[in-house]
Amino acid sequence: MADTYASLRIPDFRYYVMNSFLITATLLIQEVLLGYELYKLTHDPLALGLVGLAEAVPFILLSLFGGHLADRRDKKRILQISLLVIMLGSVVLYLAFQPALEVKLTFTGRLLLIYGVLMLIGTAKGFYSPASSSLKPFLVPRELYPNSSTWSSSFWQAGAIVGPGVAGFLYSLLGLDNALLVVIGLFGVCFLLLSLITNKPVVVNENETPLGFWDSLKEGFRFVFNTKIVFYSISLDLFSVLFGGMVAILPVFAEDILKVGAEGLGFLRAAPAVGAVLTMLFMARNPPTHNAWRNMLLAVVGFGVATLIFASSTNFYLSLAMLFLTGAFDSVSVIIRQTVLQIFPPDHMRGRVAAVNGIFVSSSNEIGAFESGLAARLFGTVPSVMLGGVVTLGVVAYVYAKSKELFSIRLS
């Protein structure tokens with residue numbers, strides 16, 4: 001019988017997933033704090049969308065270079081330096097909201113400071129994300145890739161539960177500036193966990209002539225576009241998150257539609273991750289990778305349907321339930337995609353493939369946040385979310401028609 005906890009018995013992997021949990025939670029605490037403060041300042045959903053854009057622009061511009069660097073430099077060192085930059089941004093925010101400096105900031109100055117720090121964080125994530133994704137396969141044996149994907153996703157989602165849930169209470173109890181002080185301390189613990197991971201050698205393809213930067217990137221893109229299961233799994237996540245995500249405008253639902261305030265917002269933000277973690281704990285024993293492609297398509301259909309019901313709900317508990325289901329369905333596609341990205345790319349190309357994935361999926365969270373804010377401004381909050389659910393279902397239908405040969409692939 002397979003050992004459900006096999007990956008967690010490896011110390012380096014334990015440190016990795018503990019860091020993944022904590023940095024995810026901490027970044028989301030900070031994001032919720034800033035998002036709520038922005039909405040209080042502006043009462044404009046577009047201001048929330050710009051939060052995503054401020055992070056996405058530098059991430060997209062630098063992620064490919066970050067992937068190129070991750071394939072040629074010490075991944076652990078890249079992670080540590082990137083984390084220090086993120087910590088610096090939090091320190092700047094904390095100092096700026098101290099009473100002595102806060103009175104000197106105009107309304108516009110405060111907005112520019114918040115968006116500037118978010119751009120700094122996006123810059124750091126452009127290096128952190130591909131280094132982190134490409135490090136993970138080196139921490140466990142190949143036969144544990146599906147198991148490690150499930151656990152790493154579970155710890156990430158657990159962080160996504162704790163972060164938003166804690167953020168609302170921190171804001172209520174401590175205020176913005178002191179809550180940011182907690183954030184800085186948590187980033188320090190993340191740095192310690194990264195330091196405990198053993199240094200891994202840089203893998204070089206001895207049969208390959210060293211490539212320049214642009215040729216190196218072309219090789220990464222070529223691999224993604226020529227490997228159908230990689231390309232279509234990334235595409236499904238891209239469009240479902242880009243058009244179907246509604247997380248960025250949850251403050252609007254919390255304040256204006258459901259009328260549940262900051263604490264209710266914390267529950268709304270945490271609900272998708274609760275669904276994801278519970279589903280992933282089930283999938284640790286019952287992985288979805290046997291009929292992987294069928295399961296992925298069904299999961300994205302479920303995500304789209306739950307999004308449509310959430311958009312039409314005015315009941316707090318029904319909204320929580322639908323957000324719970326979006327997380328549950330999304331977790332299935334995440335585990336399948338992560339397993340695909342561990343199995344198919346060669347070792348010397350993992351950083352570049354992770355960077356391409358980061359641009360088309362990870363950054364879709366931020367671009368999706370901007371799209372959600374802009375669509376809410378143009379069409380209204382509820383119609384914009386309903387439109388996203390319809391687009392998600394349309395994308396699934398198109399991908400299904402184009403990818404029927406992938407139903408025969410077995411990942412485990």
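Summary of packing: across the peptides 61-70, 178-187, the per-residue average of other C-beta atoms within 10 Å ranks them, highest first, as 61-70, 178-187.
Computed from backbone phi with θ = phi - 60° and the Karplus coefficients 6.51, -1.76 and 1.60, the 3J(HN,Hα) list for the stretch 294-304 is 4, 5, 5, 5, 5, 5, 6, 4, x, 4, x Hz; x is used for glycine and proline.
Taking each residue as 0.36 nm, the span from Ser172 to Phe225 lengthens on full extension beyond its C-alpha to C-alpha distance by 14.4 nm. Here the calculated FRET efficiency for Lys200 and Phe282, from their Cβ-Cβ distance with R0 = 45 Å, stands at 0.90, rounded to the nearest 0.05.
A Gaussian network model of the chain, with springs between Cα atoms under 10 Å, assigns the largest mean-square fluctuation among Pro287, Pro130, Pro141 to Pro141. Computed over the chain with a Gaussian network model linking Cα atoms closer than 10 Å, the most mobile of Leu93, Leu298, Leu194 is Leu298. For the chain, the number of Lys pairs with C-alpha atoms closer than 16 Å, counting only pairs eight or more positions apart or on separate chains, is 10.
Peptides 329-338, 28-37 ranked from most to least packed by the mean count of surrounding Cβ atoms within 10 Å: 329-338, 28-37.
Values quoted throughout were computed directly from the atomic coordinates according to the rules given, and no laboratory measurement underlies them. Computed from a predicted structure; not experimentally measured. All Cβ positions, even for glycine, are placed from backbone atoms using ideal geometry, and neighbour counts span all protein chains on display.
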